[in-house]
Amino acid sequence: MLSSLVLAVAVAAPLALGQQVIPSGFDHGECVTGRINFNPDRIFNLNSNDNSRFSVDRNRYDLTLDYGSVDYVSNGVQLNLVPPAQAGKLGSGARFSTTRYLRGGKITGRFKPVAVPGAVTTLITWSDKQALIPGSTELIQDEIDWEIVGSHPEDPEYNVFTVKSKALERGQHGGPSGANINTAVSHDFSIDWRKDRIDFGIDGRVIRTISKATSRARSSAAGMGDEPWFPTATSRVQFSVWDGSQTGGNWAGKLDWGNMTNTKIPALFEWIDIQCYDNNDNPVARWSAADVDEPAASSSSAAATATSGGSTQSTTSAAKPSQTAAATGAGSAPGTSIAALASAALAGIAAALL
């Protein structure tokens, strides 16, 4: 994650720069089915202190604003891309995360992505469990992505990563979906995460499917043998917008801030729906989000579904030195894990500070 610079030396399991430390005994709680509207009273501002998310009251808050500039409007929330303070630098993005976790379920988000070259709009799942890629400063985690990329926004991309791998295998477990959407309007993007498959949908139609039975690592470097390339770890839902101008090649395109008249470029999110599944993929009102190696949560920990605030106001959370995957330098490829990009950026920041 891009929350802090973690400089640590350990003999057996060193931490990568930016790797989160899950507090001992942390309870992942329950998945709770319902719609999340963007009532600012139910959103906790982390002010870029990502580790504080572990103590947020889930009964009071549905989301954390992890960083960035946002505007709460009558039909949702606008996540803003804002210009850099210095010419030639990346613009600053914004990101929300759910306070509750799930380890299976259907996530649907209605949003209108940014259709400008260089911008990337995302709806993803993200596990706290992360692993350092051997011989690098890059991290990998269980992750399921919808990414709408500014260089070809009509063709949203899907991707999957797994913490079990010792190699990132960028761009080898997803890619352009072939959906051909109208970027002038909002769409319902869904991730249907089941025990045996992941269905990626748009507007109620399944566009792509990844099957656990056939999804395998592409190289021996992953060290997975015949184990499926498939996420299983407890995860939260995140959605964001970021400046992808410095990703490898011309994957995202380039934001030409010098010729833009707007002071911010918004991605409009209208709502997020969560449908929890039990261990047999049956829809349920609530279910434990505990990983297999932790106790199940108490049923008393669930929160009420949020209601819409309906007001228009602006909130800015302190920007990070680098914003999400946009912080990567040249050399990254399509389908790059966001954690890998963040880790590389933090390594550069640390070097500058030392």
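The values are calculated or read from the model by the stated rules, or taken from the named source; none is laboratory data. As the structure is a computational prediction, the values presented were derived from the model and not from experiment. Cβ sites come from the backbone with ideal geometry, for glycine too, and all protein chains shown count toward neighbours. Just so you know, the surface numbers come from the protein's heavy atoms only, side chains and all, with ligands and any DNA or RNA stripped out. Shrake-Rupley method; radii C 1.70, N 1.55, O 1.52, S 1.80 Å.
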Taking only the alpha carbons of region 63-212, the radius of gyration and the largest Cα-Cα distance, Dmax, both in angstrom, are 16.0, 48
Amide H proximity to Asn39 below 5 Å, modelled H, separation 5+ or other chain, gives Gly309
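Can you tally the net charge around Asn279? Count Lys and Arg as +1, Asp and Glu as -1, for every other residue whose Cβ sits under 14 Å from the Cβ of Asn279.
Neighbour charge sum, excluding Asn279 itself: -1.
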Reported to the nearest 10 Å², Ser165 has, with a 1.4 Å probe, an accessible area equal to 10
Put His152, His187 in order of accessible area, largest first, probe 1.4 Å, and you get His152, His187
Amide H contacts under 5 Å for Ile207, restricted to residues at least 5 apart in sequence or on another chain and with H modeled in the peptide plane, are Phe200, Gly201, Ile202
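Using a 1.4 Å probe on the protein chains only, how many percent of the accessible area of region 96-180 belongs to carbon and sulfur? Intermediate values should be presented prior to the final figure.
Details: 1020 of 2130 Å².
That share works out to 48 percent.
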Counting only protein heavy atoms and leaving out ligands, DNA and RNA, the solvent-accessible surface of Arg60 at a 1.4 Å probe, in Å² to the nearest 10, equals 140
Heavy-atom accessible area with a 1.4 angstrom probe orders Ser74, Ser240, most exposed first, as Ser74, Ser240
So, with points 7 Å from each Cα along the Cβ direction, the Asp203-Val292 label distance in nm works out to 3.9
Quick calc: nm separation of the 7 Å Cα→Cβ label points for Met260 and Asp273 -> 3.2
Phi angles of region 124-139, converted by Karplus (6.51 cos²θ - 1.76 cosθ + 1.60, θ = phi - 60°) into ³J(HN,Hα) in whole Hz with x for Gly and Pro, give 9, 10, 8, 8, 5, 5, 9, 9, 7, 5, x, x, 8, 9, 8, 10
Expressed in square angstrom to the nearest 10, the accessible area of Leu90 with a 1.4 Å probe stands at 40
For region 250-266, in residue order, the Karplus 3J(HN,Hα) values (coefficients 6.51, -1.76, 1.60; θ = phi - 60°; whole Hz; Gly and Pro = x) are 10, 3, 9, x, 9, 7, 9, 4, x, 10, 9, 8, 7, 7, 7, 10, x
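Any chance you could run the full-extension gain for Val56 through Glu154? It's 0.36 nm times the residue separation minus the Cα-Cα distance, nm to one decimal.
Values: separation 98, 0.36 × 98 = 35.28 nm, distance 3.66 nm.
Once the chain is fully extended between Val56 and Glu154, it gains 31.6 nm.
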If amide H atoms are modeled at 1.01 Å from N in the peptide plane, then the residues at a separation of 5 or more from Leu90, or on another chain, having amide H under 5 Å from its own are none
The simple spin-label model distance between Val185 and Ser24, using points 7 Å out along Cα→Cβ, in nm, is 5.5
Rg/Rh of region 24-105 (Cα atoms, Kirkwood Rh), to two decimals, equals 1.03
